[in-house]
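Every number in this text was worked out from the coordinates using simple rules, so none of it is lab data. Since the model is a prediction, treat every value here as computed from it, not as a measurement. Cβ atoms come from the backbone with ideal geometry, glycine included; neighbour counts cover every protein chain shown.
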Amino acid sequence: MMRLRGSLSGRGPKFLALLLLALPLPRIAAAECVDYGDFLHVAGRVETLSGALDVALSGTRAYVVYGQSGLSIFEATDPAHPTLLGTYVTSDPFNGIVVNGDRAYLAAGPGGVVTLDVSDPSAPQQLDRSPQSCELLKLALQGGVLVGVGHESGGCSRLETFTLADPDAPTLSGELALGEQVKDLALEAGMAAVIDNTGVCYLIDISTPASPALAGQVDSPLWTTFSYGLAAALSGERLFTAWAGVTDWGSCTSYLVAYDVSDPAAPLQLGDFTELFACPGGGDVELCVF
């Protein structure tokens, strides 16, 4: 199943919504139409700061970052009544987060990777900060390797890998320059998908973290005159990409495209679905496959 989550960064009060999926799913005939509202339910919510950019789940805790406003940690043992456990504020903009045990790794713009000890969620402690020349925007973790992507207005755009031999101090291992400003990052079995704001999704082999290499790419579909990437997700040998663009007749549209990337050098488009949501104007969208 795939879930599409819209922007967290709009105006007004923000809520962290905890969703429960009713499993197992019944068998559906191929021609049947499914309303997934029957399966996905809001179990609870809690008001957060405005401008949430990313959320990570670890056990029963949710970690939410807000750019310059830092980090909030919530306990969701009772999903109907999430409670705030602690906060952490920094001068670095927290753009993204991944959590591994009692360590949180944050994409902190020019601050690079910031490592926090969150063993006591009421009082997170900074353990390490590794400034980078590119502004780090997204992080993902796979098999003891931390992968980040970032860019800045001067044109710096790249993927970076970090080893966690010392989990308190990630060490830069490898990097690969990319073409344009990145929007999203997804990992699966030694492969990274990085989508940018010009309509390109790069497929990058990270099986050797010290030497990430471009394995292939997909471009946005041809039925728009201009398009930009919004989100990417990998599941096994399937790549899912969300795009928005301007059609030949001047209207704005959004669409999801699925690919077979068993051979990343020659991705095969499997299908597409248009008009997923109102055009977000470059806002944030997240794809989740589960």
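A few remarks follow.
- Approximate shape of segment 163-217 as ellipsoid semi-axes (Cα gyration tensor, √5λ), whole Å, largest first: 22, 12, 10
- Rough spin-label spacing in nm, given labels placed 7 Å along Cα→Cβ, for Phe273 and Asp260: 2.0 nm
- Cα Rg, Dmax (largest Cα-Cα span) when computed across segment 114-202, Å: 13.9, 42
- When only alpha carbons of segment 62-149 are considered, Rg and Dmax amount to 12.7, 42 Å.
- Length released on extending from Ser235 to Leu84, taking residue separation times 0.36 nm less the Cα-Cα span: 51.1 nm
- Annotation: the residues Asp117, Asp78, sorted from fewest to most other C-beta atoms within 10 Å of their own C-beta, follow the order Asp78, Asp117.
- Cβ-to-Cβ counts within 10 Å put Phe273, Phe74 in ascending order as Phe273, Phe74, the fewest first.
- Segment 95-143 has equivalent-ellipsoid semi-axes of 19, 12, 8 Å, by the square roots of 5 times the alpha carbon gyration tensor eigenvalues, sorted largest first.
- Per-residue Cβ neighbour rank within 10 angstrom, fewest leading, Cys156, Cys134, Cys201: Cys156, Cys134, Cys201
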